[in-house]
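Since the structure comes first, as structure tokens, the remarks are kept for the end.
Values in this text are rule-based calculations from the coordinates and carry no lab data. Everything quoted here is computed from the prediction, not taken from an experiment. No Cβ is skipped: glycine too gets one built from the backbone with ideal geometry, and neighbour counts run over all protein chains shown.
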Amino acid sequence: MTGSFERDGLSMNRILIAGGHERITGGLEIFISRARACLGLESHVFTDTPGQGGVAPFLKAVLRFVAALRSHDIVWLHYGSAFDLAFLVIAKCFGKKVAVTIHMGASWRSVRNTVFRTICNRLLCLADVVFVLYKTQPEQLRFPARLIRRCKVLPTFLPQALVDCRTEQLTLGNPLRLVHVARLSAEKGSFAFLGVCENLRRGGLRFEAVIVGRTDDETRQELEAKIAQSGLAVRMLGELPQPEMMALLKRQDVLVNLSLQDAYPLTVIEALLSGVAPVCCALPGTEELAAEAPVISLVDGQNSDAAADRIMEINWAAMKAGADALRRKFNWTVVSRQYREAFSELAESPAALSSSEHFEQAAS
């Protein structure tokens, strides 16, 4: 099964998507699923990198990938682990054109460690084009100049039903309804969220709050103990299927996402399009979003006091304009056109380097 684009009546080269894990439904897997639906692509191979399912699934994924390469001309690799770069190397050995979308932030080991980062960036230079999700992502990931020159900014994919619907008239809850959505951890801002709730209670604001997301047993127990000890009106709902998550989000008023890891969090965009005011850490990606939709409130670090102040200062009248701005940007027709043009350029461009020249350049 193959996917193809049509441009000016001409059939585009066939594209094979690679990335994600078969038994996980995280942000990367959701991105791939939406991309396939938006662009009408059928071919996909999970990379199943170690760290989630072990080495055996990864090796099986490599074999599936090699088998699928024969009937495709372009590989669209989703880079969320250093092990994904093995698929890039294999694709170039087979003489395929490769586009890579980056799904990582500055906190990843392959970015923090200088030696590891240098090796990964040199391998990434094998790609014909690198898709980034926001303008400052290459600098955030410390890409060298020659790799930055290959980068092209393309938007993320949001649920079609969310970007197609109109912004509804805002109705605030009484008490105010707060939500935190993440893979729960200190780095993701889960404990900082409880600090925000404590500050709001001290300020006399009536609210109710929910925490949504999966975590390990130790973190869950720590969060539950802190909630019980403080007597906060906070419920932990665990992980929810995507449709239930979107339905719950539309019933909230404020999303608190004080994550130090999510430079460009989809949840922030989805919240605003659902009529929920986001309060999040000031990171390069969220700063770009706030520039387009100023109703997104930014906080330096995990400052619970500042986050509580931002909630009290939300400009509710600006919600519709902010949501409409992002709705226009992430409309599937607009997004599809941008990706189609990018892949058309890649398909029609001459092979600037042979496979051996690519490897020589990456090694230099």
Please turn the phi angles of segment 290-297 into ³J(HN,Hα) values with the Karplus equation 6.51 cos²θ - 1.76 cosθ + 1.60 (θ = phi - 60°), one per residue in order, whole Hz, x for glycine and proline. 5, 5, 7, 9, x, 5, 6, 8
Starting from the amide H of Val75, placed 1.01 Å from N in the peptide plane, find each other amide H under 5 Å away whose residue is 5 or more places distant or on another chain. Leu16, Lys97, Val98, Ala99
Anything over 18 Å Cα to Cα? Flag those among Lys152/Lys329; Lys152/Lys320; Lys97/Lys152; Lys250/Lys320; Lys188/Lys226, in the order listed. Lys152/Lys320
Around Ala282, which amide H atoms from residues at least 5 apart in sequence, or from another chain, sit under 5 Å from its own amide H, with H modelled in the peptide plane? Val299, Asp300, Gly301
Return the sequence-ordered ³J(HN,Hα) values of segment 116-132 in whole Hz as given by the Karplus equation 6.51 cos²θ - 1.76 cosθ + 1.60 applied to θ = phi - 60°, using x for Gly and Pro. 4, 5, 4, 5, 5, 5, 5, 5, 5, 5, 5, 5, 6, 8, 10, 8, 10
Over the alpha carbons of segment 58-149, what is the largest minus smallest coordinate on each principal axis, giving the biggest first in Å? 35, 25, 19
What the 5 Å binned alpha carbon P(r) of segment 161-329 shows, as percent of pairs per bin from 0, is 2, 9, 20, 23, 22, 16, 6, 2, 0
Least to most buried among Thr49, Thr118, Thr156, by other C-beta atoms within 10 Å and fewest first, runs Thr118, Thr156, Thr49
With Rh as the Kirkwood radius over Cα pairs, the chain has Rg/Rh of 0.99
Under 8 Å for C-alpha pairs, at least 6 residues apart: give me the relative contact order for the chain, rounded to a whole percent. 15 percent
Give me the net charge of Ala209's neighbourhood, meaning all other residues with Cβ under 9 Å from the Cβ of Ala209; Lys, Arg count +1, Asp, Glu -1. +1
Per-residue HN-Hα couplings for segment 270-277 [Karplus 6.51, -1.76, 1.60; θ = phi - 60°; Hz; x = Gly/Pro]: 4, 4, 4, 5, 8, x, 10, 7
Likely footprinting exposure, Val132, Val295, fewest C-beta neighbours within 10 Å first: Val295, Val132
May I ask for the angle, rounded to the nearest 10°, between helix 55-69 and the longest principal axis of the chain, with both axes built from Cα atoms and the value confined to 0 to 90°? 50 degrees
